[in-house]
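Quick notes on the structure that follows.
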Amino acid sequence: MKNAYSTRELQSVLALDVSTVTRRAQREGWPSRKRSGRGGGFEFPLSTLPKDVRTKIQQAEAKAAPAAPVTVNGAAQPIALDEVRKRKAAAKLDLMGLYGEWLLANGRSAAQRQAFITAYQSGAWPVLLEIIGPQVSWKSIERWKVAIRRGGNIAAVADKRGLCRRGQRNLNETQRQTLIRCCLQAQRPLSEAYREANKLLAFEGQPPIGSEATARRFIMQDWVSENFGDWTYVREGEKAWNDKCAFFIERDYSLIEVGDIVVADGHKLNFEIINPETGKAQRMELVLWYDMKSNFPLGWEILPSENTQCIAAAFRRACLMLGKYPKVAYLDNGRAFRSKYFNGVDMRQTGVGGLFKALGVQPLFAWPYHGQSKTVERFFGSFAELERWAPSYSGTSIATKPPRMMRGEKTHVDIYKKSGARPLTIPEAHVAIAMFFDEYVTRGQRGHLAGEAPLDTFLAGRGPGLGEAQLMQLRDLMLTKTLRTLNRNGVSVMGKNYYSPELYNRRHQVEVRYDPQLLDDAGDVAHVLVYDSTGNYLCRADRVRGIHPAASILGDASHQRDFKAAISLKHAQKQQASTMARTLLTTVVLPETAERMRVVEVKDAAPVDHEPKPLTQTKIQAIEAAKHKATAAKANTTAYIPPAQRQDITTELERYEYLFGLAVRDGLTLRDADQEWMRQYEATDEYRDAAAPRFERLRLFYQRKQAQA
């Protein structure tokens, strides 16, 4: 503290105006002297000021003073007070000020000092009572005053209990290392690790860890706080380490345009769909292509399981929606994308897929177990909104599984059935997904879109549309390939003949390419493309059909259906600007799905009635000999488990009782070795003295029972 204070300094300490301090000094006659230094003026010596003013000066300077060093194990160390301790110490200083004012106004007798404590404990100053607590006496306040006078800062009255051992644990180095070693095991609970560590310490002759709380504080507060990456990698694995600890690489989406990078990934749908091949409900796979720039879902496909046909169909629809070919196809590292044949090319071995290579699209594979590298993963989190809407919702995890799928929930099962809820069909699932996509792309999004909707960003960078040559190229590259041998009717695909005059006189193996989703009115593949063994194009073969004698007069309704299809296409184009996903659904997804479902329907074949041929005498004799041989082998084969293979038989008496039950009670024929052992055991003293009477009575009982039967 200073020796003297100016009026301005006292004004801030006493929380009064300068004029108020000046009037009090004049009224009470405070001694003053001229202040040296710049500015001049007067100052009041500290020793001549009233006691209440000196007390407030001490409190103000104690709050502002830095923490004094505290002695720990004989050495002075700086004390670090947390906010709770600081607040309580400041409240003590305020209580000291109130205590001084009380004594100044009411006298300094012991009764008045106790009266102040009584008023305090009764709630005269509730805020201070809540912070400090009721356990305060006037002698405590006197001790605080002495501590402030000696220490000179707020730390003198602070609660310093436990500060000298803060961060210290009653553990030696061996106990620490043993505990860490036991904790670094996959998902092992800390309580189990604590017990295992004490077992190892006892084996090594070391003292045990005092308490589980000490071990838990050391691991979680001291060790894990500085080794979180090692803790996560060892206990939870590489994926958890990558998600929680590894450095996150941020992307600058301003460097790409719409269609530069499209991301593909598969997602197991969390609602049930009826499989048209089996008629059973199941969770199917959704494969989605997603534009990285605009967060716009481009093309999708649903199949019972993720496979290359599903990926190809979804990619074709994505190109149609995008209006151009993407530059980079960012693919998952999953099984359907890398380790299966896509368009006849193993992408894992060649490095590029046949489809993407021909279109000038560069494939890029994501790191394994790095879901954050594929932006479509975040979209599937929002897609759960549609899944929860579906009546056949099955839950996004075990914890969110609906009650109807849990054991014993009969009421919820009845409600599910009586409400008319059921699994969706594939066309219904496509409609629901398209409706959700149309609503999703109109939402403003945070992140790199900065509040803009995906639809607005997508329309600004969408391509002009694929030309006829590009459409043909895309279709040809997506064709299914198979090998066939030419015959006089051309080639046969799925039981149907396809013919062209160019195939006349040819009798060799060819490669047939066709689009399984390009079907005619009858549900058959419309046409196939034929290539020779070296890959040279030969011709297009059309479906072989019967000719109607009077097609122009007695023709079917195919002409009317063509007209309706043209009207539907024109209506779809009109709605394209606002319902782009629904347009793709109407013109591409639903027709292809409906036709594919028609293809996968399997009709039961009529049974073929063949008249059996009579057996020859030689064949009959061979059959009889085989029957006799099998009967003899069966007679020699034991029909029971040998006693040596029974782990519950440990004594000779138990072995005899087991064989006795098989032979006498069940009537089985024992092996020769077991019969001989029973005869030998019946001649022993143990059998005659302890077991013979009981087993003879049982033998008579079983004989009477068998006779009655």
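Structure above, values below:
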item	result
Residue pairs meeting the criteria (Cβ under 8 Å; at least 6 apart or on separate chains; first in contact (Cβ under 8 Å) with a residue 12 or more places away in the chain, in segment 643-660; second of a type outside the set (Ser, Thr, Tyr) and exposed (fewer than 13 other Cβ atoms within 10 Å of the Cβ))	Leu653/Ala690
Arg188 closer than 23 Å to Arg169 by Cα and either touching a Phe, Trp or Tyr at 6+ places or on another chain (Cβ under 6 Å) or part of a helix (DSSP H, G or I) (or both)	no
Neighbours by Cβ (under 7 Å, 6+ apart or cross-chain): first from segment 672-684, touching a residue at least 24 places away in the same chain (Cβ under 8 Å) and more than 15 Å from Glu696 (Cα to Cα); second surrounded by fewer than 16 Cβ atoms within 10 Å (Cβ to Cβ) and hydroxyl-bearing (Ser, Thr, Tyr)	none
Residue match in segment 58-65 (condition: among the polar types (S, T, N, Q) and either more than 15 Å from Gly97 (Cβ to Cβ) or modelled with pLDDT of 75 or more (or both))	no
Subset of segment 104-114 that is of a type outside the set (S, T, N, Q) and within 19 Å of Arg143 (Cβ to Cβ) - its residue that is nearest to the chain's Cα centre (by Cα)	Arg113
Close pairs from segment 490-513: first in the same structural domain as Asp542 (by TED's automatic domain parsing) and surrounded by 14 or more Cβ atoms within 10 Å (Cβ to Cβ), partner part of a loop (DSSP other than H, G, I, E, B) and among the β-branched types (Val, Ile, Thr), Cβ under 8 Å, at least 6 apart	Gly490/Val544; Lys496/Val544; Asn497/Val544; Tyr498/Val544; Tyr499/Val544
Only one of Val146, Val224 that is of a type outside the set (Gly, Ala, Ser) and surrounded by fewer than 13 Cβ atoms within 10 Å (Cβ to Cβ)	Val146
Residue within segment 110-124 that is surrounded by 15 or more Cβ atoms within 10 Å (Cβ to Cβ), of a type in the set (Val, Ile, Thr), in contact (Cβ under 8 Å) with a residue 12 or more places away in the chain and under 21 Å from Glu83 (Cβ atoms) present	no
Residues within segment 661-709 that are within 16 Å of Tyr640 (Cβ to Cβ) and of a type in the set (Val, Ile, Thr), tallied	2
Counted residues, segment 200-220 - those being surrounded by 12 or more Cβ atoms within 10 Å (Cβ to Cβ), more than 27 Å from the chain's Cα centre (by Cα) and outside any loop (DSSP other than H, G, I, E, B)	8
Residue in segment 268-284 that is charged (D, E, K, R) and crowded, with 19+ Cβ neighbours inside 10 Å present	yes
Matching residues, segment 5-48, being out of contact with any Lys or Arg (no Cβ under 7 Å at 6 or more places or on another chain), farther than 17 Å from Gln59 by Cα and polar (S, T, N, Q)	Thr7, Ser19, Thr20, Thr22, Gln26, Ser32, Ser36, Thr48
Asp265 being in a helix (DSSP H, G or I) and surrounded by 14 or more Cβ atoms within 10 Å (Cβ to Cβ)	no
Residue check for Asn172: polar (S, T, N, Q) and under 30 Å from Thr55 (Cβ atoms)	no
Segment 492-514, subset among the β-branched types (Val, Ile, Thr) and under 46 Å from the mean Cα position of the chain (by Cα), residue nearest to Asp524 (Cα to Cα)	Val493
Filtered residues of segment 380-395 (kept if in a loop (DSSP other than H, G, I, E, B) and either among the small types (Gly, Ala, Ser) or within 9 Å of Leu269 (Cβ to Cβ) (or both))	Ala390, Ser392, Ser394, Gly395
Flag if Ala460 is surrounded by fewer than 17 Cβ atoms within 10 Å (Cβ to Cβ), within 30 Å of Pro276 (Cα to Cα) and either of a type in the set (A, V, I, L, M, F, W, C) or out of contact with any strand residue (DSSP E or B) (no Cβ under 6 Å at 6 or more places or on another chain) (or both)	no
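The values are calculated or read from the model by the stated rules, or taken from the named source; none is laboratory data. Computed from a prediction, not measured in an experiment: that's the story for all the values here. Using ideal geometry, Cβ is built from the backbone for each residue, glycine included, and neighbour counts are taken over all protein chains shown.
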